[in-house]
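Working notes for the structure below.
The values are calculated or read from the model by the stated rules, or taken from the named source; none is laboratory data. Because the structure is a prediction, the values reported are computed rather than measured. Note: ideal-geometry Cβ built from the backbone for every residue, glycine included; neighbour counts use all protein chains shown. Just so you know, the surface numbers come from the protein's heavy atoms only, side chains and all, with ligands and any DNA or RNA stripped out. Shrake-Rupley method; radii C 1.70, N 1.55, O 1.52, S 1.80 Å.
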Amino acid sequence: MAGAEEPAGRQSELEPVVSLVDVLEEDEELENEACAVLGGSDSEKCSYSQVQKWRKGSVKRQALYACSTCTPEGEEPAGICLACSYECHGSHKLFELYTKRNFCCDCGNSKFKNLECKLFPDKAKINCGNKYNDNFFGLYCICKRPYPDPEDEIPDEMIQCVVCEDWFHGRHLGAVPPESGDFQEMVCQACMKRCSFLWAYAAHLAVTKVTAEDDGLVLNVDAVGDQEVIQPENGAHHDGALKEDVPEHGKAAEKEVKAEQMNEPCTSSSSEADLQTAFKNQHLNTESQSGCKLQELKAKQFIKKDTATYWPLNWRSKLCTCKDCMKMYGDLDVLFLTDECDTVLAYENKGKVDQAADRRDPLMDTLNSMNRVQQVELICEYNDLKTELKDYLKRFADEGTVVKREDIQQFFEEFQSKKRRRVDGLQYYCS
């Protein structure tokens, strides 16, 4: 019948049922997520104290914030640690930067004209090793927009580049993020262009393999601006294409092979082809002996594109660490790529481990702060509460009814009332 009220039983069926276990599990999940984001950052001590204590130039990774109140756009960018965000900037407008590598807290230094750090005022005037970008003014991606963006109606996730540590909309990366989300790290377009050696690895390690084929022939492709110059790996090579990726030790091998050929008489019209074959074999053998993974990959097929790349778990461990490659990483300022502890995953895991180590039973903490008589009284009260709550909830279980918020409130009101009556009924005697 239209307008008729739902029966009470029917209403209770429509109400969402949440168990105490569900509440506790959700609370624990939120706590774990918060600890992962903070990565074990100290909420009471300025992280600059770690720099002084360990005599290091910066903190390897930490939770960072930027204060729009103290350093608005137009001023010099600055970053502050978790503890300073609470103690020195608690009422200010902050931008949460998540985590950045190799950073020193700026709170109270020369970038803050009217503020002194309450936790560690004795800082250097400027932290020369810090790196800043538009994130410190609340702007992200190549579109330089805030996040969340009130004017952006397109739902899109933000992904952090592991190299420059800027955040990007998935739609602004030139390559759609894998639908499964099954990737651990991302390198943006600009960083792939700057660290072009990664394209040789991308063909074999990236989540979405970057390869090119033309009429069944796998090709090497080098990007030149928006154009692509295709150089076939097999068939007719020209000298420029052949020598482009040849390392120094390969060039030496080429000279040796040519010298040997010069000392031998030509016995057939195919001597030039034999020379090329001999050089190629000598080149590959020399590469194998050198132990450079990168040169071995460059001898294979790969393509360069104007897109971001997505990488799986532990991909960094596959990077070559020979002397030449380590020098190249240093020149490009990406030595951190060879450090597995630099990853955001390692940072988050550290936060979870630190949380597990610090997690204590609040009841035991309370008991340890009491004398013997107080401990006995508290234990008795706790056991009474546990017994009565168990009996109270058992009634609902037997009747098959849902425990509501009002029921729990009623229980504790009655429990407190009984406790007051017990205390009021006690008689005290003076000797």
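Give the calculated FRET efficiency between Asn114 and Glu151 to the nearest 0.05, with a Förster radius of 45 Å applied to their Cβ-Cβ distance. Efficiency for this residue pair is about 0.90.
Could you please state how large a percent of the accessible area of the stretch 42-137 is carbon and sulfur, counting protein chains only and using a 1.4 Å probe?
46 percent
Of the GluC sites (Glu not before Pro) found in the stretch 86-148, those in coil by DSSP whose Cβ has at most 13 other Cβ atoms within 10 Å are Glu116. Averaged over residues, the count of other Cβ atoms within 10 Å places the peptides 169-180, 305-316, 141-152, 75-86 in the sequence 75-86, 305-316, 169-180, 141-152, highest first.
The stretch 83-133 and the stretch 300-334 have Cα centres separated by 32 Å.
Asp398 contributes about 110 Å² of solvent-accessible surface, heavy atoms of the protein only, 1.4 Å probe.
Accessible surface computed residue by residue for the stretch 362-422, with neighbouring protein chains in place and a 1.4 Å probe, gives 81 Å² per residue. Given their separation in residues at 0.36 nm each and the Cα-Cα distance between them, Tyr132 and Glu399 gain 89.9 nm when the chain is fully extended. Each residue, Lys419 and Tyr392, gets one label point 7 Å from its Cα in the Cβ direction; the gap between the two is 1.1 nm.
Subtracting the Cα-Cα distance of Asp122 and Leu378 from 0.36 nm times their residue separation leaves 87.6 nm of extension gain. Between Cys322 and Arg194, take the C-beta separation as r, use R0 = 22 Å, and let me know the FRET efficiency to the nearest 0.05. Rounded to the nearest 0.05, the efficiency is 0.60. Distance between the C-alpha centres of the stretch 367-407 and the stretch 159-200: 53 Å, rounded to the whole angstrom. Sequence-distant contacts, meaning Cα pairs under 8 Å at least 6 residues apart, place the relative contact order of the stretch 74-120 at 50 percent. Judged by the mean number of other Cβ atoms found within 10 Å, the most tightly packed of the peptides 156-163, 58-65, 106-113 leads the ranking 58-65, 106-113, 156-163.
What's the carbon and sulfur percent of the stretch 362-422's accessible surface, probe 1.4 angstrom, rounded to a whole number?
Carbon and sulfur together cover 54 percent of it.
For the stretch 362-422, the square roots a ≥ b ≥ c of the C-alpha gyration tensor eigenvalues yield an a/c of 1.5 or more together with a/b exceeding b/c, which makes the shape prolate.
Using a probe of 1.4 Å, the accessible surface attributed to Glu33 totals some 110 Å² when neighbouring protein chains are kept in position. Going by accessible surface with a 1.4 Å probe and the largest first, Glu406, Glu165, Glu296 read Glu406, Glu296, Glu165.
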